[in-house]
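The values are calculated or read from the model by the stated rules, or taken from the named source; none is laboratory data. Since the structure is predicted, the reported quantities are computational estimates derived from the model, not experimental observations. Quick reminder, even Gly has a Cβ in these numbers, built from the backbone with ideal geometry, and neighbours come from all protein chains shown.
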Amino acid sequence: MTSPVPPRGHHDMGGLPAGAIDPAEHDYALWEKRVDALMALLSHKDRRLITVDELRRNIESLGPEAYDKMSYYERWIYAITQTLLQRGTITVDELGRKIEAIRTREAQRG
Amino acid sequence: MADAVAPRFHVGDRVTVREAYPIGHVRTPYYIRGKKGVIERLCGAFPNPEELAYARSGRPAQPLYRVRFLQRDVWPDYAGPPVDVVEVEIYQHWLEAEERAR
Amino acid sequence: MSHDHDHAQDHAHVHRYPPRPDQDDTLTYYRAMEAAVRELLIDKGVITAEDVRRQVENMDGRNAGRGAKMVAHAWLDPAYKQRMLADGSKAAEEIGLDVGPLKLVVVENTPAVHNVIVCTLCSCYPRMLLGLPPDWYKSRNYRSRVVREPRAVLAEFGTVIPDDVLIRVHDSTADMRYLVVPRRPKGTENWSEAELARLVTRDSMIGVALAENA
């Protein structure tokens, strides 16, 4: 009589079979530390422009392939940006223009 | 806290984790749903993360408990000693008194 | 704002590792996204460049030395240890460690019980005390397996827990963050707090290792 158990979220992995744990560690690049910093600053009680819950929800919505391919801070900056768009803190147009300005600047420096 | 749901459980109460499988942001892990455990402590009352995830207030705050489970009750093939436990933080609205669940 | 001047103690807890491959100098899409979001927010007056710089420096200064200080203090002061087990955040602040909004739960290893911490759903970690978590703590393999086969996972880290010691795995799924007090190693009688703190590794405070007097 019970219906089949629905699939679990890709992030909800407790108890699943998995391989050996790689103990290697990496220092963080500056851009990754800045992502961490953005999250801390934006979620601070003086600003409250994002909650850790919105960050997590947006990461969880990535889908298995993206979740596995993206690095930890790539997932974070994706989720921070999605939240800022959802809340209207930045617009899609502003984001697109600014990313292109940065890529142009980098290419000219190149 | 005025804006909080009253706690229903006490330390030592036997509880079952509700079985429900919504989409959305849920902090009750899949592996623990439907399992039976014991209240280890009341952590306090906090805004509901399921609602905070959608930029809503999460109020009224929900009581949060640490619940202790025997590993052998969680994993049918658990290989370690029978006393080993796993302790998980679970919000009150995911818990039912064990008697009611029978 | 208080500063931690105990640099000798911190040297035991600061390590340097190679950067992840592909990070150097290639403007990946997500690196550009970070720069774009940061610049937009500065343009809008939400944050300043100085805010970002200061926060990066703040996290750089956080390493396991802060947690180690708490553990060493507890080893020397049993009454403090009891207060720490009752309310971890208050105990941290009592010895001058700012944990911000962190709700800390401290659990103690004893001859009968060994504790290990995980966040199966993401990577919750007491960052204000231990700094940023290691890659393996955030990995699929650790998050999937330690909750189900803790003894096998600990053995992979070289930590063998005998069968007459109970293992408590803590899955930090909600608002609490966890710190393990490892057992004080033998042969450390009359050691100072700073000397003891040097033995308390990050991995021993997560629970995948023991504190050892090597």
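If C:GLY96 passes every condition in (1) within 13 Å of chain A (Cβ to nearest Cβ); (2) farther than 30 Å from A:ARG57 by Cα but one, which one does it miss?
(1)
From (1) basic (Lys, Arg); (2) in contact with a Leu (Cβ under 7 Å, 6 or more places away or on another chain); (3) closer than 30 Å to A:THR89 by Cα, pick out the condition that doesn't hold for C:ARG66.
All conditions are met except number (3).
Among (1) touching an Asp or Glu at 6+ places or on another chain (Cβ under 6 Å); (2) free of Cβ contacts under 8 Å to residues at least 12 places away in the same chain, there is one condition B:ARG68 misses while meeting the rest; what is its number?
That leaves (2) as the condition not met.
Do you know which residues across segment C:123-172 are of a type in the set (A, V, I, L, M, F, W, C), assigned to a helix (DSSP H, G or I), more than 8 Å from chain A (Cβ to nearest Cβ) and touching a Lys or Arg at 6+ places or on another chain (Cβ under 8 Å)?
Residues satisfying the conditions are C:MET128, C:LEU129, C:LEU130, C:ALA152.
With (1) in contact (Cβ under 8 Å) with a residue 40 or more places away in the chain; (2) of a type in the set (Gly, Ala, Ser); (3) surrounded by 22 or more Cβ atoms within 10 Å (Cβ to Cβ) as the list, and B:ALA53 as the residue in question, which single condition is left unmet?
All conditions pass for B:ALA53, except number (1).
Take the residues of segment C:173-199 that are of a type in the set (A, V, I, L, M, F, W, C) and part of a helix (DSSP H, G or I): which is nearest to the other protein chains (Cβ to nearest Cβ)?
Applying the filter and picking the extreme gives C:ALA197.
Determine, yes or no, whether C:ILE95 is more than 16 Å from the chain's Cα centre (by Cα) and β-branched (Val, Ile, Thr).
Details: more than 16 Å from the chain's Cα centre (by Cα): yes; β-branched (Val, Ile, Thr): yes.
So C:ILE95 fits the description; yes.
Here are some residues: C:ALA86, C:ALA49, C:ALA79. Which one is exposed (fewer than 14 other Cβ atoms within 10 Å of the Cβ), without any contact (Cβ under 8 Å) to a residue 40 or more places away in the chain and either among the charged types (D, E, K, R) or over 27 Å from B:GLU40 (Cβ atoms) (or both)? Even if it seems obvious, please write down each step before you answer.
Numbers: C:ALA86 fails: either among the charged types (D, E, K, R) or over 27 Å from B:GLU40 (Cβ atoms) (or both); C:ALA79 fails: either among the charged types (D, E, K, R) or over 27 Å from B:GLU40 (Cβ atoms) (or both).
So the residue among C:ALA86, C:ALA49, C:ALA79 that is exposed (fewer than 14 other Cβ atoms within 10 Å of the Cβ), without any contact (Cβ under 8 Å) to a residue 40 or more places away in the chain and either among the charged types (D, E, K, R) or over 27 Å from B:GLU40 (Cβ atoms) (or both) is C:ALA49.
A:GLU25: at pLDDT below 95, in a loop (DSSP other than H, G, I, E, B), facing another protein chain (nearest Cβ under 8 Å) and over 27 Å from B:ALA53 (Cα atoms), yes or no? Full working, then the answer.
Values: at pLDDT below 95: yes; in a loop (DSSP other than H, G, I, E, B): yes; facing another protein chain (nearest Cβ under 8 Å): yes; over 27 Å from B:ALA53 (Cα atoms): yes.
Yes: the conditions hold for A:GLU25.
Give me the pairs, please: first residue somewhere in segment B:72-98 and farther than 13 Å from C:LEU166 by Cβ, second residue anywhere and of a type in the set (Asp, Glu) and part of a loop (DSSP other than H, G, I, E, B), beta-carbon distance under 7 Å, and either six or more positions apart or on two chains.
B:ALA79/C:GLU149; B:ALA97/B:ASP13
Residue under question is C:ALA49, and the condition is that it be within 13 Å of chain A (Cβ to nearest Cβ), out of contact with any strand residue (DSSP E or B) (no Cβ under 9 Å at 6 or more places or on another chain) and among the aliphatic types (A, V, I, L, M); does it hold?
Values: within 13 Å of chain A (Cβ to nearest Cβ): yes; out of contact with any strand residue (DSSP E or B) (no Cβ under 9 Å at 6 or more places or on another chain): yes; among the aliphatic types (A, V, I, L, M): yes.
Judged against the criteria, C:ALA49 is a match.
With the requirement that a residue be of a type in the set (Val, Ile, Thr) and in a helix (DSSP H, G or I), what does segment A:75-110 give you? Step through it out loud before you land on a result.
Of all residues in segment A:75-110, those of a type in the set (Val, Ile, Thr) come to A:77, A:80-81, A:83, A:89-92, A:99, A:102, A:104.
Listed by number, the residues that qualify are A:ILE77, A:ILE80, A:THR81, A:THR83, A:VAL92, A:ILE99, A:ILE102, A:THR104.
Identify all residues within segment A:52-86 that are loosely packed, with under 14 Cβ neighbours inside 10 Å and either small (Gly, Ala, Ser) or modelled with pLDDT of 95 or more (or both); write none if there are none. Can you show your working first?
Filtering segment A:52-86 for residues loosely packed, with under 14 Cβ neighbours inside 10 Å gives A:63-65, A:68-69.
Listed by number, the list holds a single entry, A:GLY63.
Kindly indicate the residue of segment A:30-47 that is in contact with a helix residue (DSSP H, G or I) (Cβ under 8 Å, 6 or more places away or on another chain) and free of Cβ contacts under 8 Å to residues at least 24 places away in the same chain and also surrounded by the fewest Cβ atoms within 10 Å (Cβ to Cβ) among those meeting that condition. Full working, then the answer.
Residues of segment A:30-47 in contact with a helix residue (DSSP H, G or I) (Cβ under 8 Å, 6 or more places away or on another chain): A:30-43, A:47.
Imposing the further condition that a residue be free of Cβ contacts under 8 Å to residues at least 24 places away in the same chain reduces the set to A:30, A:33-34, A:37, A:40-41, A:43, A:47.
Working: A:LEU30: 12, A:LYS33: 19, A:ARG34: 22, A:ALA37: 22, A:ALA40: 17, A:LEU41: 21, A:SER43: 19, A:ARG47: 14.
Out of the qualifying residues, it is A:LEU30.
Report whether or not A:VAL92 is more than 7 Å from every other protein chain (Cβ to nearest Cβ) and more than 22 Å from C:ARG177 (Cβ to Cβ). Let's see the steps before the verdict.
Details: more than 7 Å from every other protein chain (Cβ to nearest Cβ): yes; more than 22 Å from C:ARG177 (Cβ to Cβ): yes.
In short, yes.
When the residues of segment A:67-89 are filtered to those that are out of contact with any Lys or Arg (no Cβ under 8 Å at 6 or more places or on another chain) and aliphatic (A, V, I, L, M), which remaining residue is farthest from the other protein chains (Cβ to nearest Cβ)?
Per the stated criteria, the residue is A:LEU85.
Just to be sure before I move on: is A:ASP46 within 23 Å of B:ARG56 (Cβ to Cβ) and of a type in the set (Asp, Glu) in the structure I sent? Step through it out loud before you land on a result.
Details: within 23 Å of B:ARG56 (Cβ to Cβ): yes; of a type in the set (Asp, Glu): yes.
Yes, satisfied.
Search segment B:30-52 for residues being more than 22 Å from C:CYS122 (Cα to Cα) and in contact with a helix residue (DSSP H, G or I) (Cβ under 8 Å, 6 or more places away or on another chain), and hand back the single one that is farthest from the other protein chains (Cβ to nearest Cβ).
B:LYS36
When A:ILE99 is evaluated against the numbered criteria (1) in contact with a helix residue (DSSP H, G or I) (Cβ under 6 Å, 6 or more places away or on another chain); (2) in contact (Cβ under 8 Å) with a residue 24 or more places away in the chain; (3) more than 21 Å from A:SER43 (Cβ to Cβ), which criterion, by number, is the only one it fails?
For A:ILE99, the failing item is (2).
From the list C:MET59, C:MET33, which one is touching a residue at least 40 places away in the same chain (Cβ under 8 Å) and in a helix (DSSP H, G or I)? Write out each step before concluding.
Numbers: C:MET33 fails: touching a residue at least 40 places away in the same chain (Cβ under 8 Å).
Of the residues listed, the single one that is touching a residue at least 40 places away in the same chain (Cβ under 8 Å) and in a helix (DSSP H, G or I) is C:MET59.
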